[in-house]
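Undergrad: Pasting a structure here, questions to come.
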Amino acid sequence: MRPSSRPLILDAALRITEREGITRLTLESVAEEAGLTKGGLMYHFRTREELLLAIQRHLVDTWEEQLRGELGGAPEEADDRARAGAYVRADAHGSVSKAELAFLVEAAGSTAPTEPWQLMINRWVPAPRSCDDPRMDLFLARLAADGAWLFEATSGTSLPEDVRAELYRRISGLIDGPPTPPNADPA
C-alpha cells in the first residue's frame, strides 16, 4: 500500500505560505511544491477551500501535540494551572512561523476554520466567565504568551534569549503565584 500524499501536500502548502504568503497558495503551486500533478493533489483536496481547512486542522493538531508534550498527558487529566502552564511553555518553546500567523488571520475571517482553533484553545485556557473567575490570571498569562508570540511573528526579529526567558518567567508567574482576588488593594 502506498503512503498517503496528504502530509506531503500539507507540508508543501505551509512552505509556500511561509515563503510567499497565503495569497500565493494555489492548487497548482502546492502540487508543484509537493512534486505531484494537480490531479494527484485534487484526489485529496478538490478545492482550495478544502485544502485551507485541512491546513487549519493540521496546524491545530500540531499545536495540540505540542501542548500535550508540554503537559506530559491529556488536558482532561490536568487542572487549570497545569494546562495554562503547558500553554505558556508551548508558546515559549514553539517556533514562530509566518505561515501559522497567516492561517490564524485567515481563520479569523470565517467561522468554519476558526472552530478547531477555538475548541483547542478553550480546552487548554478558556476565557473567564466573570470578573471574579479564579482563572482570570491564567487567561491573562495566555494572552501575554500569545502577545509575545505575535510580537516575534510580526516584527521579523527575535528577542534576545535572556530577555525572552525573563519575559516568559514573568508570564509564568501569573500561573504559579496565587491568584489576585478581584478588586484587591495592591498595598
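The values are calculated or read from the model by the stated rules, or taken from the named source; none is laboratory data. Here the structure is a predicted model, which is why all the values come from computation and not from measurement. Cβ sites come from the backbone with ideal geometry, for glycine too, and all protein chains shown count toward neighbours. Keep in mind that these areas ignore ligands, DNA and RNA; they rest on the heavy atoms of the full protein, side chains included. Shrake-Rupley method; radii C 1.70, N 1.55, O 1.52, S 1.80 Å.
Undergrad: Could you give the size of the charge dipole of the range 45-100 about its Cα centre, using +1 on the Cβ of each K and R and -1 on the Cβ of each D and E, expressed in debye and rounded to the nearest 20? Can you show the working numbers first?
TA: On the way: 8 positive and 12 negative charges, 54 e Å.
With only Lys, Arg, Asp and Glu charged at Cβ, the dipole is about 260 debye.
Undergrad: Just need the relative contact order of the chain here, percent rounded to a whole number, with Cα pairs under 8 Å and 6+ apart. Before the final figure, lay out the partial values.
TA: Working: 166 pairs, mean separation 39.4, N = 187.
Worked out over the chain, it gives 21 percent.
Undergrad: Here is a further query. Can you tell me the accessible area per residue over the chain, all protein chains present, probe 1.4 angstrom, in square angstrom? Don't skip to the answer; put the middle values down first.
TA: On the way: 10870 Å² over 187 residues.
So the chain comes to 58 Å² accessible per residue, rounded to a whole number.
Undergrad: Taking all protein chains as present, what is the carbon and sulfur share of the accessible area of the range 98-147, in % to the nearest whole number, probe 1.4 Å? Please report the intermediate quantities before stating the final value.
TA: Values: 1590 of 2610 Å².
Of all accessible area on the range 98-147, carbon and sulfur atoms account for 61 percent.
Undergrad: From the phi angles alone, apply the Karplus equation (6.51, -1.76, 1.60; θ = phi - 60°) to the range 14-31 and give each ³J(HN,Hα) in whole Hz, x where the residue is Gly or Pro.
TA: After applying 6.51 cos²θ - 1.76 cosθ + 1.60, I find 5, 5, 4, 5, 4, 7, 10, x, 6, 5, 8, 7, 10, 4, 5, 5, 5, 4 Hz.
Undergrad: A further question follows. How far apart, in nm, are two points set 7 Å out from the Cα along the Cα-to-Cβ line at residue 48 and at residue 163?
TA: 3.8 nm
Undergrad: Between exposed trypsin sites (Lys or Arg not before Pro) in the chain, where DSSP calls loop and at most 12 other Cβ atoms lie within 10 Å, what's the longest gap?
TA: Details: sites that count: 46, 129.
Counting at most 12 other Cβ atoms within 10 Å as exposed, the longest clean stretch of the chain is 47-128.
Undergrad: Which angle from 0 to 90°, rounded to the nearest 10, does the C-alpha axis of helix 80-93 make with the longest principal axis of the chain?
TA: That helix lies at roughly 50 degrees to the long axis.
Undergrad: Follow-up. For every other residue with a beta carbon closer than 12 angstrom to the beta carbon of residue 25, add +1 if it is Lys or Arg and -1 if Asp or Glu, then tell me the sum. List each step's numbers first, then the result.
TA: Numbers: positive: 15, 19, 24, 48; negative: 18, 20, 28, 32, 33, 49, 106.
In short, -3.
Undergrad: Follow-up. Placing unit charges on C-beta atoms (Lys and Arg positive, Asp and Glu negative, everything else neutral), compute the dipole magnitude of the range 14-144 about its Cα centre in debye, rounded to 20.
TA: On the way: 16 positive and 22 negative charges, 43 e Å.
The dipole of the range 14-144 has a size of about 200 debye.
Undergrad: So what's the angle, to the nearest 10 degrees on a 0 to 90 scale, between helix 48-71 and the longest Cα principal axis of the chain?
TA: Orientation of helix 48-71: about 40 degrees from the principal axis.
Undergrad: Would you mind getting the Kirkwood hydrodynamic radius of the chain from its Cα pairs, rounded to one decimal in Å? List each step's numbers first, then the result.
TA: Values: mean 1/r = 0.0549 Å⁻¹.
Evaluated on the chain, it is 18.2 Å.
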